[in-house]
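Reviewing the structure listed below.
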Amino acid sequence: MNVTELARKLKVPTKELLEILPVVGFDIGRRAIKIDDRQAARIVEQWPKLKAKYRELTSPAEDKKAAEIKTETVVPKQVAIPPTIRVKDLAERLKYPLSKLMAELMKNGVLASMNEEIDFDTASIVSSELGYEVTADQSGGQAEEEASQKLEQLLIKDKDGDKNLIPRPPVVVVMGHVDHGKTKLLDAIRKTNVIEGESGGITQHIGAYQVIKKDNAITFIDTPGHEAFTTMRSRGARVADIAILVIAADDSIQPQTKESIKIIKSAKLPMIVVINKIDKPDANPERVKQDLASLNLVPEEWGGNTIVVPISAKAGTGIDELLDMILLVTETERVHITANPAKPAVGTIIESHVDKGEGPVATMLVQNGTLKRGDLVEISGSFYGKVRSMKDYKGQDIETAPPSTPVKIIGLKASASVGDILQVTLDVDKKKKVSKYQLNQQAVDYSRPRETSDQEKKNVKTLNVVLRSDVLGSLEAIIASLTKLDHPEVAVNVIAKGLGNITENDVQRAASAEGLVLGFHVKPTQSADLLARDKKVEIKNYEIIYKLLEDVKARLEQMLTPEVIRTDLGRLKVLAVFRKEDKKMVIGGQVIDGRIPPMAKVDVKEDKFKKATGIIAQVQVNKVKVTEAVKGQECGISYEGKPVIVEGDILEAYTEEIRTKKIQ
């Protein structure tokens, strides 16, 4: 049992428990992590007596000193914690220094960055050790909603009274099923061949781009099409003004299409449906419209409110009509698509990664105000540095970024999280600066082992993996997808995760857990590669996310115990034994139920007790070989197996099919 688990049962801080046990006679070190189950049971049973004994053995002077220290430490009596909470948010709730809280987590075997979420059990154990009484916050788990509300307050709190509001370019999110042509559509719009840079033609990261139509700028957010990026797509919809739903004319509505519709509706965005690939021979736009109507999205031409634009991204037809329609929808929504460029900038991080040469880099969509080179920026109250330089979607240096502009920011002190709200700050509180420790945790490795004790109790086989990715968005999406590979017998255990190339430390972790290393758009260092060969640790690199998921799924399926399906065929009563050899017998009998075919397995039973199992090698009726003997017939049988059959025994014939299990 974990010492922390025992401490939680006894409702006592772990440190205090480890101080008491050696004093009252238990041979347990002050830095112990686990404890023998039998000892744990004794401690639980005798705990009141053990506490009394400890008080007797402890000097009054020490008690007085401890009481003074406790009096000096001013902490709230209670703290409410949601089911999941980010480390820095927990520090704010506890009013406890972030660096010290992260150190406490490390003592408990949890290596987490300031922006990483921890579960309620972990948060409550650490909080209890710090002297807090923990209660469950039933209104918790609303991080995304809180972020949306905070962003809304920052953007439109004083909108009604702001006389400097002016129209801004609309932000359009492009969504839909994989392979329906979203990136090709943007490629046709931007007149640049972005799709060649994507692995397998599938967009791997969120990208944001701007185009000009009739002297009006339009910002496009390209959300990845694969179902693994559900989280990223949800965030993409949150920062957009208009949604484009791409549906292939030859494929109609698919699961990811329905998922995208759900996200768009929940975000309350005006939607334009684009029917792509209308130039294909098997294209059927009318079928798409019928399927839309079945989902209560009736096209305008059928008397409904859903805008439908047929296009061919490949041929470039219908693109101008689509842009015109976007501008038309923008005019109808103009009251909402405004901003004040004179204010300090505020916006949402839509991508984040660590570049070897540039350090932590973030892509931000400016939603209000103007971001300037040299601005000081903060995220969630923490100072993140100075905007050293900015680049637009073409990679060109820019000095300013007005509202609705996607911009790559260089100069941050730490890697931001996708969905974080970044804003310009005028005053820098040194106490709120992102420390080097936090930077190292985010930029280099922010892994946290997952507890597997519950799984071990359930005899669940686990596939231990160390996961590395180039950007944070992909890492989040892969982990979210791996958790969906659910089966009662097997599970994926992410023992470590991080950004950047695969290191020796990753290989060591995988070796100690008898696992493997999965890399997405990253490579192992030379030293890590050599160590992997020495330790015989498998490193798998991927460029396309669904190939990673398919491989992991296949590995899990190989770990499943095959299912043996038995089909009963018939029963035969033994009437005579003609010949008996070492592992063979020739017998005669009558079929009393079903049928008896050759090559079937048989159980030999005497008074319902199974004596042996064998195989029917041959069946004869009237000394002629047959494919089966049926009920009522007498037959001769060549039996292979343990020669224990006697007159009166019953042979039960059956077949067995070994079926490999699948993970849905």
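The values are calculated or read from the model by the stated rules, or taken from the named source; none is laboratory data. These numbers were taken from a predicted model, which means no experiment stands behind them. Reconstructed Cβ throughout: ideal geometry from the backbone, glycine too, with neighbour counts over all protein chains shown. Ligands, DNA and RNA are stripped out before the accessible areas are found, and what is left, the full protein with its side chains, is counted by its heavy atoms. Shrake-Rupley method; radii C 1.70, N 1.55, O 1.52, S 1.80 Å.
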Any helices (runs of 4 or more DSSP H) falling wholly within region 68-179 and containing at least 2 residues that are within 25 Å of the chain's Cα centre (by Cα), modelled with pLDDT of 80 or more and not polar (S, T, N, Q): 87-94, 120-129
Which one is farthest from G588 (Cα to Cα) among residues in region 629-640 that are open to solvent by less than 70 Å² (accessible area, probe 1.4 Å) and part of a loop (DSSP other than H, G, I, E, B)? G632
Can we say M325 is surrounded by 14 or more Cβ atoms within 10 Å (Cβ to Cβ), on the phi < 0 side of the Ramachandran plot and part of a helix (DSSP H, G or I)? yes
What residue, of Q558, Q526, Q508, is over 30 Å from K642 (Cβ atoms) and touching a residue at least 12 places away in the same chain (Cβ under 8 Å)? Q508
Do you know which of the residues in region 465-480 that are in a helix (DSSP H, G or I) and closer than 21 Å to E538 by Cα is most open to solvent (accessible area, probe 1.4 Å)? I479
Pairs under 6 Å by beta carbon, first residue on the phi < 0 side of the Ramachandran plot and in contact (Cβ under 8 Å) with a residue 24 or more places away in the chain in region 351-370, partner buried (at least 21 other Cβ atoms within 10 Å of the Cβ) and of a type in the set (D, E), six or more apart or different chains? T363/E351
It is to be established whether one or more residues within region 547-568 are surrounded by fewer than 17 Cβ atoms within 10 Å (Cβ to Cβ), over 20 Å from N464 (Cβ atoms), among the β-branched types (V, I, T) and at pLDDT 90 or above. yes
Odd one out for A528 among (1) in contact with a Ser or Thr (Cβ under 8 Å, 6 or more places away or on another chain); (2) in a strand (DSSP E or B): (2)
For I43, are the conditions met, namely being over 20 Å from D121 (Cα atoms), at pLDDT 75 or above and surrounded by 10 or more Cβ atoms within 10 Å (Cβ to Cβ)? yes
Residues in region 219-227: is at least one on the phi > 0 side of the Ramachandran plot, open to solvent by less than 20 Å² (accessible area, probe 1.4 Å) and at pLDDT below 90? no
